[in-house]
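The values are calculated or read from the model by the stated rules, or taken from the named source; none is laboratory data. Only a predicted model underlies this, so the values are computations on that prediction, with no experimental measurement involved. Here the Cβ is made from the backbone with ideal geometry for all residues, glycine too, and neighbour counts use every protein chain on show. All accessible areas refer to the heavy atoms of the entire protein, side chains included, with ligands and DNA or RNA removed. Shrake-Rupley method; radii C 1.70, N 1.55, O 1.52, S 1.80 Å.
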Amino acid sequence: MKKKMTSAEIIEMTKKHIMETYAPLPVVLTRGKGVWVWDIEGKKYLDMLSCYSALSHGHCHPRILKTLIAQAKTLSNVSRAFYNDQMGLFCKELAEFCGFPRVLPMNTGAEAVEKAIKIARKWGYVVKGVPKNQAEIIVCENNFHGRTITVISFSSESSYKEYFGPHTPGFHIIPYGDTQALEKTINQNTVGFLVEPIQGEGGVIIPPEGYLKGAKEICEKHNVLFMLDEIQTGLGRCGKRFAYEYEDAKPDILILGKALGAGVGIISAVLCSEKVGDILKPGEDGSTFSGSPLSCAVAREGLRVLVEEKLTEKSYELGNYFLAKLKEIKTPYAKEIRGRGLFIATEIKPEYGDARSFCEKLWHTGLLCKETHFKNIRFAPPLIIKKKEIDWALKRIEKVLTEPVK
Ligand SMILES: *Cc1c(COP(=O)(O)O)cnc(C)c1O
């Protein structure tokens, strides 16, 4: 019998062949259940990243698995050249869940952002009357909307874009949380304002109270589409179905991804309000795998599980509990601890270096965390987490945040 490879051997093999676009922790995962994952040596960890919030339902949720297997045996992919029942039901149910009349199904988050930009631009030309090729979209500093060429063109992070020009024109970057800057930057060619209700990859940055509502009002006043990227914050992650509900700032365009696939499906969506309507016509957009029966079936079950298992309410309650307990830890290292629902970050003081070294220590205690924007440890477990599992994690976090650094 062939000897089982060790973690070190798999890492070496991987590094030899993969384009190394990530700097992962040196752990090789092979199995998951609920909030737990195991490496190939059999060591168990609590998953505090949940696939960048795509895994709200946890690993191998029995209902999601059952749906996946049943649909895989029935019909997987047919493309958009034909209708399929699962896509129709998915669009209807997602539209009702979100309270928007129209859905464009896509695959990944960045793609959905791209499509939202296409929709806003075309709306600008055919509805608002902006002269052809003059449409402008306003975005925020420190944003994260994905990694395609157009999306990185309006990133403020130099490593995302430095070697990848020429960049796509038509974007203005303004400070996050600043409604005055928004109003000042809008001109007659502005078609949309694209923003995250809480900046996720930027470090779980919560804007000042009233920001989203204020931004929405300014957009309305100037006939500009208010576009929210809730790819990471949406679907219960922040303790409400959508983070905008904290301010009742429903957008004209809502972008979803990540947890929409319930940890299994690769599916995203652009939701359009009445004001935007059915803007793209046959021939103007497409994607081979979009609306796949397999992803749509899983996403439908994911929405039902989210509601029936009260994952949003759990995120709210356990998020408050987790945040309060984190704040009780007497740590010399934290500059700030902030979050909404089960979307929490501990910002490390600059004199203690990157959050990465803390993530490595947490890993040794059995917690898998990923730093965001160098200085933050992010805590975003699956929303199915139980209080006693949070307590298990808190013990380890307290140890790492109170022991000497060296
Ligand atoms: C992850 C993320 C994206 C990109 O999604 P991908 O599926 O990785 O392309 C876009 N916007 C936000 C806010 C995200 O967190």
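For this structure, a couple of remarks:
- Tally, over the range 302-354, of residues that are within 19 Å of the chain's Cα centre (by Cα), of a type in the set (Gly, Ala, Ser) and part of a loop (DSSP other than H, G, I, E, B): 1
- Segments classed as helices (runs of 4 or more DSSP H), wholly inside the range 39-124, with at least 3 members that are within 16 Å of the ligand (Cβ to nearest atom) and open to solvent by less than 10 Å² (accessible area, probe 1.4 Å): 109-123
- Contact annotation: residue pairs with Cβ atoms under 7 Å, 6 or more positions apart or on different chains, pairing a residue in the range 110-129 that is over 12 Å from Asp285 (Cα atoms) with a partner that is polar (S, T, N, Q) and within 12 Å of the ligand (Cβ to nearest atom), are Ala110/Thr148.
- Ser287 being of a type in the set (Ser, Thr, Tyr), in contact (Cβ under 8 Å) with a residue 12 or more places away in the chain, in contact with a Phe, Trp or Tyr (Cβ under 7 Å, 6 or more places away or on another chain) and away from the ligand (no atom under 12 Å from the Cβ): no
- When the range 5-38 is filtered for residues that are polar (S, T, N, Q) and open to solvent by 80 Å² or more (accessible area, probe 1.4 Å), the ones remaining, listed by number, are Thr21, Thr30.
- Whether a residue is under 17 Å from the mean Cα position of the chain (by Cα) and on the phi > 0 side of the Ramachandran plot was assessed, and Asn142 passes this test.
- Residue pairs meeting the criteria (Cβ under 7 Å; at least 6 apart or on separate chains; first free of Cβ contacts under 8 Å to residues at least 12 places away in the same chain, in the range 150-166; second among the hydrophobic types (A, V, I, L, M, F, W, C) and not in a loop (DSSP other than H, G, I, E, B)): Lys161/Ile152
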